[in-house]
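These notes concern the structure reproduced below.
The values are calculated or read from the model by the stated rules, or taken from the named source; none is laboratory data. As the structure is a prediction and not an experimental result, all values here were calculated from the model. Methodologically, a virtual Cβ is constructed for each residue, glycine included, from the backbone with ideal geometry; neighbour enumeration extends over all protein chains shown.
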Amino acid sequence: MYWNQAKECMNREDLKQLQLERLQATIFRVATNVPFYRHKFKELGVDPDGFRSLDELRSLPFTTKQDLRDNYPYGLFAVPLRDVVRVHASSGTTGQATVVGYTRNDIKTWANLTARVLTAAGVTNDDVVQIAFGYGLFTGGFGLHYGAELVGASVIPISSGNTRRQIQIMQDFRTTALICTPSYALLLADSIEEAGIPLNSFSLKYGLFGAEPWSEGMRQEIQKKLNIIATDNYGLSEIMGPGVAGECQQRNGLHINEDHFLVEIIDPETLEPVAPGELGELVLTTLTKEAFPIIRYRTRDLTRLIEEPCPCGRTLRRMERITGRTDDMLIVKGVNVYPSQIENILFDIEGTKPHYQIVVEREGRLDKITVLVEVMESIFFDEMRKQGEIINNIKHKLASELGIGVEVRLVEEKSLERSEGKAKRIVDKRKL
Ligand code: DLL
């Protein structure tokens, strides 16, 4: 099922032509309306009227989160506020919040793109969609809400939090599709299990999860516990919010809405493009945004592109799930460590719960990582020997995957903080 077959299955040549035309218009728009870009183009000798081929993309400047902060709140808007009908702001988890705006057209485009993501995941007008993302400055709730309405689904805009009520409504309103962060989905699944509510009292079929990194192990766990098809979807407020990319039911990479966003993967050190299929930082350029166009935005998210065609028939290229952010990366004893690597290992270990936290400390001049892992109650209280075995097993597997030694502590079930939105996996106690 497609939302917009003509665009989602476009042949590559036509797509490239469309991208070029849209990019030319975007460059012209920002050169005319955004002083920040006008100055940058001048500095770099970019002629906004002379852009002839997509290969010239590399001559354009990057935009970073810092640029957004420097132009807080409205400095990068390309239209007068009169034409802006909505404002959102990033969650600001890694610093001061940044503000983005939408024209009436942008809101329409946004709804169409989240409608694509929803349709690819299986949602139709027969579905009852429970949106447990926050509604507010965060883009998750509103972004998927308008797309779900456009698809014709019955939308329950419950927003985030209040787990018991979420479960009650899920049962009573016969929710068929759940939309939230993967960590919150797991919390809901655990709560259902603990309350002993039988799965057949739910009507759930699909889960669309995003807004934070998650592993294949976590997907399997959620799918099993809720008996659903769980797909990953990706977006960020600077670019639009959800609707940038999403998985189809193949669940093997996220189709990027390339007719609206131009994608590059670069080496975050050299800023040069990586070889095809290599891991690197995702860089996105908007092609149709009116209020907040952005050129070569450095997302800090790490992924790789999949060039092979997808059996679903979409020609929009896929990216692998985001494995982490460049600023999520811990450098410990000279080795790069991503939380996702640790998560993958923990999901394979019997007796542990898929809840963990990574604590980084500095002892003298050396960094030390301690992984706190929740274990089942029976193990935590009774079996010292079993505990020792689990710790050794985890340590061994982490050491061989990461190439460095890591401390492991087993903690009681539910002792780690649960999140109703994005999970906080790293506690960095180093004063760097
Ligand atoms: O999280 C937008 C969103 C809402 C996406 C709902 C999907 C669903 P921000 O708060 O600006 O926007 O955070 C964006 O979250 O740069 C990634 O680091 C991370 N992120 C978003 N989706 C995924 C995903 C929304 N599927 C930042 N996998 C991004 C991994 C994700 N990380």
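Side notes on the structure shown:
- Filter pass, residue 420 being in contact with a Gly (Cβ under 9 Å, 6 or more places away or on another chain), at negative phi and not assigned by TED's automatic domain parsing to the domain that holds residue 213: yes
- Comparison of 142, 62, 133, 77 shows that the only residue that is of a type in the set (Phe, Trp, Tyr) and touching a Ser or Thr at 6+ places or on another chain (Cβ under 7 Å) is 133.
- Residue selected from the range 107-135 under the condition within 11 Å of the ligand (Cβ to nearest atom) and under 15 Å from residue 237 (Cβ atoms), by the criterion surrounded by the most Cβ atoms within 10 Å (Cβ to Cβ): 114
- Criterion applied to 419, 378 was being within 16 Å of the ligand (Cβ to nearest atom), surrounded by fewer than 20 Cβ atoms within 10 Å (Cβ to Cβ) and of a type outside the set (Lys, Arg), and the one residue passing it is 419.
- Test: residue in the range 160-174 that is surrounded by fewer than 18 Cβ atoms within 10 Å (Cβ to Cβ), at pLDDT 95 or above and closer than 30 Å to residue 4 by Cα: yes
- If you check 241, 277, 246 for being at positive phi and within 12 Å of the ligand (Cβ to nearest atom), only one passes: 241.
- Which numbered condition residue 329 misses (of (1) in contact with a Phe, Trp or Tyr (Cβ under 7 Å, 6 or more places away or on another chain); (2) among the hydrophobic types (A, V, I, L, M, F, W, C); (3) at pLDDT 95 or above): (3)
- Scanning the range 77-106 for residues that are surrounded by 17 or more Cβ atoms within 10 Å (Cβ to Cβ) and assigned to a helix (DSSP H, G or I) gives a single hit, 106.
- Only one of 217, 243, 235, 280 that is small (Gly, Ala, Ser), out of contact with any Pro (no Cβ under 8 Å at 6 or more places or on another chain) and either in the same structural domain as residue 1 (by TED's automatic domain parsing) or modelled with pLDDT of 95 or more (or both): 243
- Some residue of the range 139-155 being within 24 Å of residue 84 (Cα to Cα), of a type in the set (A, V, I, L, M), within 11 Å of the ligand (Cβ to nearest atom) and modelled with pLDDT under 95: no
- Of the residues making up the range 20-42, those that are surrounded by 12 or more Cβ atoms within 10 Å (Cβ to Cβ) and either among the acidic types (Asp, Glu) or touching a helix residue (DSSP H, G or I) at 6+ places or on another chain (Cβ under 6 Å) (or both) are 20, 30, 31, 37, 38, 41.
- When the residues of the range 318-338 are filtered to those that are out of contact with any strand residue (DSSP E or B) (no Cβ under 6 Å at 6 or more places or on another chain) and touching a residue at least 24 places away in the same chain (Cβ under 8 Å), the one that is farthest from the ligand (Cβ to nearest atom) is 333.
- Among the residues of the range 323-364, the ones that are on the phi > 0 side of the Ramachandran plot and in a loop (DSSP other than H, G, I, E, B) come to 4 in all.
- Any hit, the range 5-18, residues being within 22 Å of residue 116 (Cβ to Cβ), basic (Lys, Arg) and either free of Cβ contacts under 8 Å to residues at least 60 places away in the same chain or loosely packed, with under 13 Cβ neighbours inside 10 Å (or both): yes
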